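The structure appears below as structure tokens.
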Amino acid sequence: RTAYNSMRVEELWLDGRTHPARTTADIDRTLLTRLLRVAALCNDARTAADGAMHGDPTEVALLELADSLMPDLRPGLKDVPRLGEIPFDAARRRMTVEIDVEGSRRVLTKGAPETVIPRAATLAGSGQDVSLGESARQMILADAEAMAHRGLRVLALADGEASAMPDERHLTLIGLVGMADPLRAEARPAIARAIGAGIRVVMITGDHAMTARAIARQVGLHATQVVTGRDLVDRSESELARIAVDADVFARVTSEHKLSIVQALRSNGEIVAMTGDGVNDAPALRAADIGVAMGVGGTDVARDAADLVLADNNFNTIVAAIEEGRTVFANIRSLIHFLLTCNLAEVVVVFSLLVTVGATPLLPIQILFVNLLTDSLPALALGGEPSEPEFMRSRPRRSTAIFGRDSAAALLGIGALIALATFAAYAWGQASGDDALASRLTFATLVGSQLSASFAFRSQLRSVFQLPRNLWLLFAV
């Protein structure tokens, strides 16, 4: 079973070699136990009474790894006291705890490889720990980058003596873990639809640049330029605005960087929708035009800062909401244009006949019938028109105005046709010398013309013969 929005450890790097996470027969058991102890204890995720794990997806993945590889290990770690802690933050990108194991105080650290490996003086081996030189550190960092290039989120795990606190120095690097979150099958098509609709999709992540680039390509983003948080330091507002225009992928960013990116995009005149689920995402969610928080596993802080909450954590839901919004706007515009056109035609007919012949052929109850039924029911039915494929093939509107040049053409053109047809019917009736017949012909023509015009207002992009049936409109007519 594929679980979306849940991390899973796919690879382990131990003793200089990479191993599949579920095939550990050739790994030294002492070394593996040491790695799993850090994974389980340098961790804030918790297991509920029903066996479900709660917490950050990355930490839940580490607990699941420990339980799957050594189920007899974790029960013995439940009573290990935590003597101190330096919590994870976006600037340090690592977490450190101090524990007491059988009277011996140890320091456990996990975090981004580029922040943990430079602090390691030795490397854990199957026989004994070996000293780490600068060249060895660079080789390990290269292995970590290779894992990231495969689309994995990489963490380095290390331990050390109690003296390593609080500077987190002179650690022993135990190994690396590579995690992946399976992409939803609809992620790539959803992003393609968004791009086709003129919507720019930007990835902003705390992951390694290589990981971000690999995932971006998997979902259909070109990722020709990956900007890291380090590239954003000490930039002027104009430089940030230029970078925000050019780059589609931002990696290794902090909450401050996310906020700066959102502000830079808005300064360029963009309408920005920002997604996020963590506490660090709250400032950017609040600063965006539309903050979108994740409802599954997202923090309360993120949900409170957002304008919308996704109950399914699915990007495709955002794209579907955009399509629905464009459909609603088009339908509202159609029904307003229809109502105004019909009412304009009525006013022209009644006013013109009053001026020219001194009377109107329509009785008050006929005018009331036209306004209450002929105008209202088809207009309501126009509000239920289904979406058209063209809605998601055009660029976003630069204006929310209901009226434009095309509106004027429809109002004047169709309104004039309705008025001329009604005048012709009245003249035909008058030619017979029967005022009652002229009144009936005028009323019937006005009603029939307006009902016929309702089909013309169904779409501004396609012919009525190319549209699917609108049964509500047929019923209204």
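The values are calculated or read from the model by the stated rules, or taken from the named source; none is laboratory data. In this text the structure is predicted, and so the values were computed from the model without any measurement. Here the Cβ is made from the backbone with ideal geometry for all residues, glycine too, and neighbour counts use every protein chain on show. What goes into the accessible areas is simple: the full protein's heavy atoms, side chains included, and nothing from ligands, DNA or RNA. Shrake-Rupley method; radii C 1.70, N 1.55, O 1.52, S 1.80 Å.
Overview of results
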quantity: Only listed residue being small (Gly, Ala, Ser) and over 30 Å from residue 194 (Cα atoms), chosen from 407, 394, 463, 454; calculated: 454
quantity: In segment 30-60, residue nearest to the chain's Cα centre (by Cα) [restricted to those that are over 18 Å from residue 153 (Cα atoms) and among the polar types (S, T, N, Q)]; calculated: 47
quantity: Selection within segment 42-61 - free of Cβ contacts under 8 Å to residues at least 12 places away in the same chain, open to solvent by 70 Å² or more (accessible area, probe 1.4 Å) and within 17 Å of residue 9 (Cα to Cα); calculated: 54
quantity: When residues of segment 390-423 are limited to those that are open to solvent by 60 Å² or more (accessible area, probe 1.4 Å) and of a type in the set (Gly, Ala, Ser), the one nearest to the chain's Cα centre (by Cα); calculated: 399
quantity: Residue in segment 88-103 that is more than 21 Å from residue 297 (Cβ to Cβ) and among the polar types (S, T, N, Q) present; calculated: yes
quantity: Exclusive hit being touching a helix residue (DSSP H, G or I) at 6+ places or on another chain (Cβ under 8 Å), modelled with pLDDT under 85 and aliphatic (A, V, I, L, M), set 73, 36, 62; calculated: 73
quantity: Looking only at segment 153-183, and only at residues there that are part of a loop (DSSP other than H, G, I, E, B) and open to solvent by 10 Å² or more (accessible area, probe 1.4 Å), the one that is farthest from residue 104 (Cα to Cα); calculated: 183
quantity: Residue selected from segment 450-477 under the condition assigned to a helix (DSSP H, G or I), among the polar types (S, T, N, Q) and open to solvent by 30 Å² or more (accessible area, probe 1.4 Å), by the criterion farthest from residue 418 (Cα to Cα); calculated: 466
quantity: Single unsatisfied condition, residue 365 versus (1) within 43 Å of the chain's Cα centre (by Cα); (2) open to solvent by 50 Å² or more (accessible area, probe 1.4 Å); calculated: (1)
quantity: Some residue of segment 301-324 being at positive phi, more than 11 Å from the chain's Cα centre (by Cα) and in contact (Cβ under 8 Å) with a residue 24 or more places away in the chain; calculated: no
quantity: Pairs where the first residue, in segment 423-446, is free of Cβ contacts under 8 Å to residues at least 40 places away in the same chain and the second is exposed (fewer than 15 other Cβ atoms within 10 Å of the Cβ) and of a type outside the set (Val, Ile, Thr), C-beta under 6 Å, 6+ apart; calculated: none
